[in-house]
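Working notes, beginning with the structure itself.
Where a number appears in this text, it was derived from the coordinates with a stated rule and is not lab data. In this text the structure is predicted, and so the values were computed from the model without any measurement. Heads up, the Cβs are rebuilt from the backbone with ideal geometry, glycines too, and the neighbour counts pull from every protein chain shown.
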Amino acid sequence: MLGEICQFFAIDSSNFPSNDHIIIGNRSCQSDFLVHFFLNLCEKQNRPVVFLGLSQSFGHYNSVGQKLGNNLGSARDERKSLVFLESLFDFSESIASSSTFRSTTAPNPFVELLKGDSTTLLKSINASLETLAQIQTGILSAPVVIIDDLSVLLSAGVAPECLLLFVNSLHELVTSPRIKGSLIISLHLDKEDEKAEELWAYLTHLSTVKVQVTDLASGYCRDVHGEMHAEWRDSHDKPRKSITRHTQFKLSDKNISLFAPGMSAAVL
Amino acid sequence: MLQDLLTGVEKTSLILVTDNALCPGRHLLLNWIDHLGTRCDKLILVCFERHPDFFKNWLPLDVQKKMTLIDGRKTADIGRTNVDLMADVTSEVSRTGGSVGVVIDSVSMLLLVKSTPITCSFLHNIAAGSQVTQVVALLHRDVHDQNTCRLLEHVAPTVVEMASTGGAQYTCCIRHCRPTGKVLKSREYFYTDDSFHIYNFGSATSQDGSSQHKPQDDLTSKLPFNLSLTDAEKDARSKVKLPYLKDGSGDSEASSGRIFYQPDDVDDFDEEDPDDDLDI
């Protein structure tokens, strides 16, 4: 799976992403594979990763990782190259605590976020980055921050302005010349959700690589599951000619097959 | 007109470059900074989306020396510090004696976080400063609704709307309101080279015309007979003198023409003037 997608992106699998801001727009229900791809790619490179899991728990990512031949558990607990923020639980706790009882322990960043202040969440990500920087395990020491997925916060009631400021600050923090890290943000998009579309449109301008996964326009097909568009935009430090790539894919249990539009083996 | 605006032949206080994700305007903005930098004594660049190095690395050294960079991304909460940002820019303007150019990449963040009227007045106030030669701001059309974009376009006397791109060629629509009040509209194209410098400006209307006629040309080429004319044939056709066409040379002959009438033998020719009873 990793090889095929790397080939499609036409990238060197040993040093990608390098100081990039990648956004993944999911307009299809079968498009989570890209988040797993990036997480496992970074893990293969033995790179420090901060993962903000908002849509699934660690167990889910770990079991997918095992299918792809990676042990995320040992990366988190033994090698300490992965910091997994169980944001799904923190977030649900923050909703419960804000309505029924107040937690007296460490401040929950999501309570602040719901109030419109993203500073605490930023600080916790920054603290994770600093912890990783002390270890310096990988060949590539530039860290990667992955958020899966941002639209959960939006649909749970965080103000879009607050999210924009959060992403903007995170972008500044991670991709700064000091850290030279990469930021990967995934979003679920729905045409009817105007706020998500607005956020996506702004992120497109902010990003350096945009990947969008959609269902087939012609409807459901057993042998072609969807389409993937990738676009390279201006990088962080210099202008770049826009390059677009387009492919169709079919997902299987552990793998993905990519083919040029209309070139599926089932069609030919 | 784009070239005149870029080089400063056409004077304007505020330029709004509007773009969308398919046709980004950041490369045009880079060129604008370059040209504005050579005209002004000082250049203030406010960045919200890219690191200041993005602009700095691309620009020539003499422009780099004139630049003051304000990193809008540094302020973790732009929402609160909009007033400070405004104060930053105005204090930078007042600090210099000569002319100042201000470039903002982009105002979309401000629009999203603060209200539209505040952003409009922010732009207007900077552009109204006596020392400010020109303010250039980038706006992402696809991020905001139509009303917001229109409101901002009303504030700016000049709007460059990036329309389409195909590789290195860009097409843009320009609406320019001169200080005298005359409004000029045009559709123009330009090319960028490998290092993103703009060259080869031109009016896009003729190009669009030729591209619209292309399908017709394809149709006529498949016909068994010839419908189109070559340039030589067109030239020959234009030289043909049409028989009833009144041109300068034919007039004298017409005035000298007479009617000779020879009556038949049996013709009952009336000697009297038929119009005798008329008072003429």
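I want to verify a result. In a Gaussian network model of chain A, Cα cutoff 10 Å, which of these has the top mean-square fluctuation: A:I125, A:I179, A:I24?
Highest fluctuation among the options: A:I179.
Give, rounded to the nearest 20 debye, the magnitude of the charge dipole that the range A:129-268 has about its Cα centre when Lys and Arg contribute +1 at Cβ and Asp and Glu contribute -1 at Cβ.
The calculated dipole for the range A:129-268 is roughly 700 debye.
Which is farthest toward the positive dipole end of the protein assembly as shown among A:S176, A:P107, A:V152, measuring Cα position about the Cα centre, with Cβ charges +1 (Lys, Arg) and -1 (Asp, Glu)?
Most positive-ward Cα: A:P107.
Explain nothing, just the number: dipole magnitude of the range B:1-129 about its Cα centre with +1 on each Lys and Arg Cβ and -1 on each Asp and Glu Cβ, in debye rounded to the nearest 20.
Value, rounded to 20: 160 debye.
What are the chymotrypsin sites (Phe, Trp or Tyr not before Pro) within the range A:185-221 that DSSP puts in a loop, where the Cβ has at most 10 other Cβ atoms within 10 Å?
Those that pass, being in a loop and sparsely packed, are A:Y220.
Using a basic spin-label model with each label point 7 Å from the Cα along Cα→Cβ, how many nm lie between B:A87 and B:H124?
2.3 nm
Under the rule of at least 5 residues apart or a separate chain, name every residue whose amide H is placed under 5 Å from the amide H of A:R233.
So A:R233 has HN proximity to A:V209, A:K210.
Take the Cβ-Cβ distance between A:S264 and A:N46 as r, set R0 to 56 Å, and report the resulting FRET efficiency rounded to the nearest 0.05.
In this case the efficiency is close to 0.95.
Quick one: dipole size for chain B, taken about the Cα centre, charges +1 on Lys/Arg Cβ and -1 on Asp/Glu Cβ, in debye to the nearest 20.
Here the size comes out at about 3740 debye.
When Cβ neighbours within 10 Å are restricted to other protein chains, what is their mean count per residue of peptide A:236-245?
Partner-chain Cβ atoms within 10 Å, mean over residues of A:236-245: 5.
If you count, for each residue, the other Cβ atoms within 10 Å and average over each peptide, how do A:212-218, A:141-147, A:159-165 line up from highest to lowest?
A:141-147, A:159-165, A:212-218
Over every pair of different alpha-carbon atoms in chain A, take the mean of 1/r and invert it; report that Kirkwood radius in Å.
19.2 Å
Step through the residues of the range B:91-102 one at a time and calculate ³J(HN,Hα) from phi using the Karplus curve (6.51 cos²θ - 1.76 cosθ + 1.60, θ = phi - 60°), rounding each to whole Hz and writing x for Gly and Pro.
For the range B:91-102, the Karplus-derived couplings read 5, 5, 5, 6, 5, 9, x, x, 7, 10, x, 10 Hz, x marking Gly and Pro.
Could you pull out the GluC sites (Glu not before Pro) across the range A:173-268 that fall in loop regions by DSSP (anything but H, G, I, E, B) with no more than 16 other Cβ atoms inside 10 Å?
A:E192
Pick out which of B:S91, B:S13, B:S228 has the largest mean-square fluctuation in a Gaussian network model of chain B, springs linking Cα atoms closer than 10 Å.
Taking springs between Cα atoms under 10 Å, the residue moving most is B:S228.
Can you tell me how much longer the chain between B:N147 and B:R187 gets when fully stretched, taken as 0.36 nm per residue apart minus their C-alpha distance, in nm with one decimal?
Taking 0.36 nm per residue and subtracting the Cα distance, the gain is 12.1 nm.
From the phi of every residue in the range A:38-48, what ³J(HN,Hα) in whole Hz does the Karplus formula 6.51 cos²θ - 1.76 cosθ + 1.60 yield, where θ is phi - 60° and glycine or proline is x?
With coefficients 6.51, -1.76 and 1.60, one gets 5, 4, 6, 5, 5, 5, 4, 7, 6, 9, x Hz.
Longest segment of chain B with no chymotrypsin sites (Phe, Trp or Tyr not before Pro) in a DSSP loop having at most 12 other Cβ atoms within 10 Å?
So the longest stretch without any such site is B:1-224.
Would you tell me the mean number of C-beta atoms belonging to other protein chains that fall within 10 Å of each C-beta in A:201-209, as a whole number?
For peptide A:201-209, the averaged partner shielding equals 6.
Kindly state, as a whole number, the per residue volume in cubic angstrom of the convex hull around the alpha carbon atoms of chain B.
In chain B, the Cα hull volume divided by residue count equals 310 Å³.
Determine which aspartates and glutamates satisfy two conditions relative to B:K185: a Cα distance under 17 Å, and not lying fewer than 8 residues away in the same chain.
Output for B:K185: B:D4, B:E10, B:E153, B:E161, B:D208.
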